[in-house]
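Each remark here refers to the structure printed beneath this line.
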Amino acid sequence: MQRNKGKSSDIEAQFKGLIADFYVKDQSVKVKATVSTRRGKGEYCRGSAPYGDRINPENKKELVIVEDEAEVIRRVFEVTNQWYSKMEICKLFNEEGVLTPLQSMSRRQKSDSKKAASRGL
């Protein structure tokens, strides 16, 4: 009698696994469709903004250009067109004191927290 019980629990486990697999695939299709629709409307659909952009605080689905970071990006393209290597670009920017993306983000977060503190948040 225990043999039958073991077989039925195996079938039950396989069935539950099949249902779970279907659910995951169904959710994946829905998420991809939603992202595709938002992208088609021109809305931003990622977690954090890329270097040179910032998520608009008034509309989280929109990006705003951070002008000083955008200038660094333009400069990267400019020196790349002059056949500078990656290493030469890094040395040049370090000599000029250009902030790395991480340093820039850290500075921006400190600035935002100071603004929030001054507003009493």
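Scanning the range 36-77 for residues that are over 15 Å from residue 104 (Cβ atoms) and in contact with a helix residue (DSSP H, G or I) (Cβ under 6 Å, 6 or more places away or on another chain) gives a single hit, 45.
Across the range 82-98, the number of residues qualifying as surrounded by 10 or more Cβ atoms within 10 Å (Cβ to Cβ) and without any contact (Cβ under 8 Å) to a residue 12 or more places away in the chain comes to 6. Considered as a group, the residues in the range 51-75 that are among the aliphatic types (A, V, I, L, M) and surrounded by 15 or more Cβ atoms within 10 Å (Cβ to Cβ) include one that is farthest from the chain's Cα centre (by Cα), and that residue is 72.
Within the range 61-80, the residues that satisfy the criterion of being in contact with a Phe, Trp or Tyr (Cβ under 8 Å, 6 or more places away or on another chain) and more than 20 Å from residue 100 (Cβ to Cβ) are 61, 62, 63.
Looking only at residues that are modelled with pLDDT of 70 or more and over 26 Å from residue 76 (Cα atoms) in the range 109-121, which one is farthest from the chain's Cα centre (by Cα)? Out of the qualifying residues, it is 113.
Could you say which residue among 28, 106, 36, 48 is under 20 Å from the mean Cα position of the chain (by Cα), among the polar types (S, T, N, Q) and part of a loop (DSSP other than H, G, I, E, B)? Don't jump to the end; show me each part of the working.
Values: 28 fails: part of a loop (DSSP other than H, G, I, E, B); 106 fails: part of a loop (DSSP other than H, G, I, E, B); 36 fails: part of a loop (DSSP other than H, G, I, E, B).
Result: 48 is the single residue among 28, 106, 36, 48 that is under 20 Å from the mean Cα position of the chain (by Cα), among the polar types (S, T, N, Q) and part of a loop (DSSP other than H, G, I, E, B).
The values are calculated or read from the model by the stated rules, or taken from the named source; none is laboratory data. Quick caveat, the model's predicted, so the values are computed rather than measured. Don't worry about glycine lacking a Cβ; one is built from the backbone with ideal geometry, like all the others, and counts go over all protein chains shown.
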